[in-house]
Each structure stands twice: as C-alpha cells, then as structure tokens.
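For reference, the structure is listed below as structure tokens.
The values are calculated or read from the model by the stated rules, or taken from the named source; none is laboratory data. Nothing here was measured: the structure is a model prediction, and the numbers come from that model. Neighbour counts run over all protein chains shown; Cβ positions are idealised from the backbone, glycine included.
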Amino acid sequence: MTTLKSRLFKGYFYLLLLLSAFVFNACTQSQSKNTGNSKYMKDHSKTKVFGEMVAELTSPPLVPPPVGNRPAMKLYMEMEIIEEEMEMSNGVSYVYWTFGGTVPGSFIRARVGDEVEFTIKNHPNNKLPHNIDLHAVTGQGGGAEASFVAPGHEKTFSFKLINPGLFVYHCATAPVGMHIANGMYGLILVEPEGGLPPVDKEFYVMQGDFYTEGKFGDPGLQPFDMQKAYDERPDYVVFNGSVNALSGENALQAKAGETIRIFFGNGGPNLASSFHVIGEIFDKVYVDGGDQINYNVGTTLIPAGGAAILEFKAEVPSNLVLVDHSIFRAFNKGALGIISVTGEENKKIFAGEIMEGIYMPEGGTIQKMPKDGNAVKQPVSLTKSELIESGKKIYMQACFACHQANGEGVANAFPPLAKADFLNADENRAIDVLLHGLSGEITVNGKKYNSIMPSQQLSDSEVAAVLTYVYNSWGNKGSEITPEMVSKRRK
Ligand code: HEC
Ligand SMILES: [Cu+2]
C-alpha cells in the first residue's frame with residue numbers, strides 16, 4: 001500500500017527528473033548551437049591513456065587511417081627533416097626544406113587525450129638547424145624550443161593533446177619566414193572522442209606561396225628571393241608544394257556518389273586562401289578546423305597558419321577544380337588542382353552538355369586576353385631552338401593553365417596538345433586558333449570538345465615561338481612556325 005506521503009514523494013521525484021532532463025537538454029542544445037558539439041568542450045588534460053602505439057604518418061595527398069573508437073593512448077612518432085631540390089613546375093626546380101621529404105610535411109593523425117612522444121631528426125646532409133611548432137600543442141612555443149635540432153642530431157619531446165581540431169605545424173627557426181617559405185609546414189589532426197564521422201575518401205591538401213628570383217615559369221633552379229617574400233609578392237602560389245602536384249597524372253581520384261573530406265591547410269607564409277572547389281559546394285566546413293560547423297558553403301577563407309575540414313559529396317562525374325579564388329593565383333601562379341570524379345551521370349543534378357564543373361573565366365563568347373601594355377615587339381629572326389626556348393616560357397604563362405604543363409589538357413574541357421591530331425594536321429589552322437581564338441565543336445584524338453578558347457593577343461613572334469614549342473614537344477610532329485607565317489595569316 002502506498003501512502004500519500006510516498007506518492008507525493010514519488011511525484012516530486014519524477015517532477016525533478018523531468019525538470020532536470022529538460023534543463024540538461026536545454027543546456028546541451030544551447031551548447032551545440034554555439035559550439036557545434038558539446039563533446040568538444042570536455043577537459044582532456046586528465047584523460048587517461050590506455051596502451052601505446054607507433055603513429056603512422058603519411059605523405060600528401062594521403063591521410064592515415066581514422067582513430068575510430070580507440071581510447072587515448074601513448075603515441076610514438078618520428079619525423080625526419082630533409083633539405084632537397086625538387087620540381088616546382090616543368091623545368092623549374094627549387095631547394096625545399098621539408099618535414100618528411102614532402103611539401104607539405106607528413107600528415108599527423110591522433111586522438112584527443114593522446115600523449116605523444118615526438119622525435120625529430122635533422123638529416124646530416126642538411127645545412128641548417130630546424131625545429132617544429134605544432135599549433136595543437138599546449139606549451140612553450142608549441143614545442144619549438146624543445147625540438148630545436150642541428151644537422152646530424154635528433155631531439156625527443158612529449159606533449160598531451162588536449163584540444164581536438166585540425167592544426168598547422170611549421171618550422172619556427174630564424175628566419176622563420178624563410179623556413180616556412182621553403183616548405184616547412186604540415187597538418188596535425190586531433191580527432192575528437194569516437195573520431196570524425198566516416199567518409200569515403202579523405203585528402204590532404206595545403207596551399208603555400210613561393211618567392212623565386214626568376215618569374216613564374218623561368219626555367220632552372222630558382223633560389224629563394226627574400227625581398228619578394230618581404231614584399232609579399234609571390235611568383236608561385238601552389239597546392240602541395242608544386243604547380244603539377246594535383247593535376248595531370250597527379251589529379252586526385254574519386255567516384256560519383258562518394259563523400260569526400262579535404263583536410264585543407266594554409267602554410268603561407270604570407271597569403272590567406274579563398275579556397276573554392278569549382279563545380280561543388282561544401283556540405284560542411286569545420287570553420288578554422290575547430291568544432292564550429294558551417295553548412296552549404298561556396299568559398300571559405302583559410303588564413304596563413306590556419307586550416308579547415310571541408311566535406312562534400314561528389315554527386316556527378318566531372319573534373320572538380322580546386323582553386324584559390326583570388327583567381328590570378330589559380331590560373332597564373334599555380335594554385336589549381338583537380339579531383340577527377342568518374343561514374344554515372346545524373347542528368348537531374350547536372351545536364352550540361354560538355355562543360356561540367358569547368359569555369360570559363362572569359363565568359364561565354366570569345367574575348368581578348370589583355371596584353372601587358374608593352375609596345376608590340378618587332379619580329380626578330382630566331383633559330384628554331386631559340387623559338388622553342390622562348391616558346392616554352394610563353395606556354396607556361398599563357399597556355400598551361402588550360403592545356404596543362406604536359407600538354408595533356410583536361411578531360412571534357414581542354415583538348416590535348418600532346419600528340420594531338422587536330423594540331424598536327426594543319427599548321428595554318430593552329431596559327432588561326434591562336435590569333436582569333438576558337439569556339440564550336442572540334443574533335444581531337446577521337447574526343448569531342450565544344451568550348452571556347454579565348455583569343456591570345458600575342459605578337460607574331462610570340463605565336464611563332466609558342467607554336468614551335470608545342471610542335472616540338474610531347475611527341476608532336478616537329479614543325480617550325482616562323483613569324484612570317486603568322487603575319488601572313490594575320491593578313
Ligand atoms: C582559358 C583556357 C585556354 C587557354 C589559356 C588556351 N587554350 Fe587552347 N584551347 C582551349 C579550348 C577550350 C580549346 C577547344 C575550343 C573548342 O572546343 O572549340 C582550345 C583549343 C586549342 C587548339 C586546337 C585543338 C588542339 O588540341 O589541337 C590549340 C592548337 C590550342 N588550343 C593551343 C593553345 C595555345 C598554344 C595556348 C597558349 C598560347 C592556348 N591554347 C591557350 C582553351 C585554352
Ligand atoms: Cu626549418
């Protein structure tokens with residue numbers, strides 16, 4: 001038998017339960033409104049670790065496997081600093097300073113609460129001391145002082161990861177700007193408890209600006225230019241360390257229907273990135289790599305020394321074009337990459353006939369490419385090899401953004417010039433294409449293109465040079481085009 005008193009007590013108890021559930025709910029709701037997810041607000045400074053393991057680090061564009069449901073652990077990791085000459089662009093090289101032999105440096109993936117024992121090794125062939133400042137680290141200099149290491153030495157230091165998120169790491173040895181400008185940056189991902197939600201594909205991409213003595217495309221080994229870096233006037237703005245790192249054979253691959261996550265960082269040293277993927281919309285942006293999620297974003301700003309996690313579903317087959325939408329950087333300084341999405345068309349989502357996801361900077365009619373404002377150069381008589389040499393420079397400034405540095409073009413958008421039957425069949429027609437632009441359907445090597453090439457606004461000798469270069473590259477027939485031939489066609 002229940003007395004009134006006990007019934008009253010029970011009622012009071014349930015009321016309390018209800019009330020507290022309500023208050024709890026309201027709390028978590030308001031928290032998740034402000035911060036995305038309350039689990040990110042936990043204090044992880046005392047999170048216990050269970051067991052230990054050696055962390056796998058990966059080279060870009062690869063990312064190590066997700067942490068999933070594992071508990072916080074003791075993590076051992078090792079990174080080797082290597083100074084080495086690598087390709088910046090076709091025919092252009094640069095001495096990069098790297099974490100792990102690549103720009104950006106190896107990707108580090110850990111879980112919040114992990115205790116990391118980090119060993120940094122400075123290769124004996126290197127010329128300079130280096131160190132590492134990880135933005136994910138709480139403590140003096142993000143580890144910079146503790147990790148300062150001379151060539152031929154190694155240093156070990158340790159830290160606990162108490163904030164989840166995506167963070168930049170970089171070298172912080174004086175002159176700091178120069179170490180970063182030479183490629184010394186990378187990303188460390190600290191996953192929340194339970195990990196990020198699973199996706200089909202994950203990629204690692206970082207932007208960086210480079211300062212060379214020569215201009216964009218000037219051939220040979222290009223030394224770092226301190227004055228240009230100081231003035232913030234980069235010659236190259238690239239993804240993953242070089243102009244061709246994410247295009248041509250290096251294009252990222254995905255299938256229609258896959259969900260894609262890009263861990264995007266900006267090493268700088270100077271420029272912020274207006275990051276955009278032409279032909280897609282970010283379903284989710286983890287703003288600044290933190291726990292605030294923004295939905296349905298076109299272009300997102302990523303500061304120098306900052307990062308963001310970007311997610312979208314590749315719905316239809318296309319060549320998605322990654323760009324810094326400060327657009328001269330994309331088409332004239334190298335900040336351009338491709339995700340090639342293959343698979344079934346979905347005409348409901350996109351029924352464009354030929355130009356899926358391709359940006360036409362000049363609009364829908366043939367327009368003229370502006371010229372430098374220099375006086376028109378007098379035709380000078382150059383030998384064939386001189387034509388080829390100066391033609392290559394013109395190609396790297398005027399053609400490569402569309403036809404690609406290796407002349408292979410971009411599927412469905414820009415026809416190939418390498419072993420191109422259209423080009424090799426008729427020199428006069430090729431001259432006309434450069435003088436007047438081209439639109440309407442053409443067939444190149446059995447594939448149809450129906451697009452627009454803007455008129456190039458080049459002088460006769462420039463047209464002669466660039467075409468001679470094209471005809472003498474990538475397996476083409478070797479014709480020589482003279483300025484006289486061009487001037488005849490112009491009339
Ligand atoms: C803005 C992008 C763009 C730029 C820059 C560009 N092209 Fe093109 N080019 C195209 C497109 C698009 C077509 C195909 C036009 C069509 O479908 O009618 C084309 C076609 C051609 C063709 C004929 C087709 C073939 O594959 O043989 C030649 C030759 C050519 N371009 C050479 C050049 C050269 C040389 C330069 C640099 C001086 C250059 N293009 C710059 C976009 C571009
Ligand atoms: Cu360094």
Requested in this report: Would you confirm whether any residue within segment 139-151 is in a helix (DSSP H, G or I), farther than 19 Å from THR102 by Cα and hydrophobic (A, V, I, L, M, F, W, C)?
Outcome: yes
Requested in this report: State whether one or more residues within segment 372-383 are modelled with pLDDT of 90 or more and either more than 19 Å from ASP218 (Cα to Cα) or of a type in the set (A, V, I, L, M, F, W, C) (or both).
Outcome: yes
Report summary line: Taking segment 166-200 and keeping residues in a strand (DSSP E or B) and either more than 19 Å from GLU80 (Cβ to Cβ) or away from ligand 2 (no atom under 11 Å from the Cβ) (or both) leaves LEU166, PHE167, VAL168, TYR169, GLY186, LEU187, ILE188, LEU189, VAL190, GLU191
Report summary line: For segment 401-420 the number of residues that are more than 8 Å from ligand 1 (Cβ to nearest atom) and free of Cβ contacts under 8 Å to residues at least 60 places away in the same chain is 2
**Report entry** Extreme residue, farthest from the chain's Cα centre (by Cα), among residues of segment 55-102 that are among the small types (Gly, Ala, Ser) and in a loop (DSSP other than H, G, I, E, B)
**Finding:** ALA72
Report task. Scan segment 403-426 for residues that are closer than 22 Å to SER89 by Cβ, among the aliphatic types (A, V, I, L, M) and not in a strand (DSSP E or B) and report the count. Result -> 6
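Conditions tested, residue by residue: (1) without any contact (Cβ under 8 Å) to a residue 12 or more places away in the chain; (2) under 27 Å from VAL199 (Cα atoms).
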position: MET41; (1), (2): yes, yes
position: MET53; (1), (2): no, yes
position: PRO64; (1), (2): no, yes
position: LYS74; (1), (2): no, yes
position: MET77; (1), (2): no, yes
position: GLU84; (1), (2): no, no
position: TRP97; (1), (2): no, no
Requested in this report: With respect to ASN163, determine if the residue is out of contact with any Asp or Glu (no Cβ under 6 Å at 6 or more places or on another chain), of a type in the set (S, T, N, Q) and assigned by TED's automatic domain parsing to the domain that holds GLU117.
Outcome: yes
Query raised in the report: From the list ALA430, ALA398, which one is in contact with a Leu (Cβ under 9 Å, 6 or more places away or on another chain) and either closer than 22 Å to ILE338 by Cβ or within 16 Å of ligand 2 (Cβ to nearest atom) (or both)?
Result: ALA398
Query raised in the report: Would it be correct to say that THR156 is in a strand (DSSP E or B) and either without any contact (Cβ under 8 Å) to a residue 40 or more places away in the chain or charged (D, E, K, R) (or both)?
Result: yes
**Report entry** Tally of residues being part of a strand (DSSP E or B) and either under 15 Å from LEU189 (Cβ atoms) or of a type in the set (Phe, Trp, Tyr) (or both) across segment 103-135
**Finding:** 8
Report summary line: Conditions (1) more than 16 Å from ligand 2 (Cβ to nearest atom); (2) in the same structural domain as PHE263 (by TED's automatic domain parsing); (3) modelled with pLDDT of 95 or more; (4) not acidic (Asp, Glu) -> PHE216 fails only (3)
Query raised in the report: Which one of TYR471, TYR449 is within 32 Å of the chain's Cα centre (by Cα) and near ligand 1 (Cβ under 8 Å from one of its atoms)?
Result: TYR449
Query - Lone qualifier among ASN332, ASN319 - being surrounded by fewer than 22 Cβ atoms within 10 Å (Cβ to Cβ) and closer than 20 Å to GLU202 by Cα - result: ASN319
Report summary line: When every residue in segment 140-165 that is small (Gly, Ala, Ser) and under 20 Å from ALA307 (Cα atoms) is compared, the one nearest to ligand 2 (Cβ to nearest atom) is ALA144
Report task. Return the total of residues in segment 201-213 being touching a residue at least 40 places away in the same chain (Cβ under 8 Å) and either of a type outside the set (Asp, Glu) or within 12 Å of ligand 2 (Cβ to nearest atom) (or both). Result -> 9
Query raised in the report: Just for segment 428-456: of the residues that are touching a Pro at 6+ places or on another chain (Cβ under 7 Å) and in a loop (DSSP other than H, G, I, E, B), which one is surrounded by the most Cβ atoms within 10 Å (Cβ to Cβ)?
Result: GLY437
Query - Subset of segment 274-303 (residues that are hydroxyl-bearing (Ser, Thr, Tyr) and over 17 Å from the mean Cα position of the chain (by Cα)) - result: TYR295
**Report entry** Residue, surrounded by the most Cβ atoms within 10 Å (Cβ to Cβ), within segment 87-103, restricted to residues that are within 16 Å of ligand 2 (Cβ to nearest atom) and among the aliphatic types (A, V, I, L, M)
**Finding:** VAL103
Requested in this report: Residues being free of Cβ contacts under 8 Å to residues at least 60 places away in the same chain and either touching a Cys at 6+ places or on another chain (Cβ under 6 Å) or in a loop (DSSP other than H, G, I, E, B) (or both): count how many of those fall in segment 215-238.
Outcome: 4
Query raised in the report: Given the conditions (1) buried (at least 20 other Cβ atoms within 10 Å of the Cβ); (2) at pLDDT 90 or above; (3) over 26 Å from the mean Cα position of the chain (by Cα), which single one is not true for PRO416?
Result: (3)
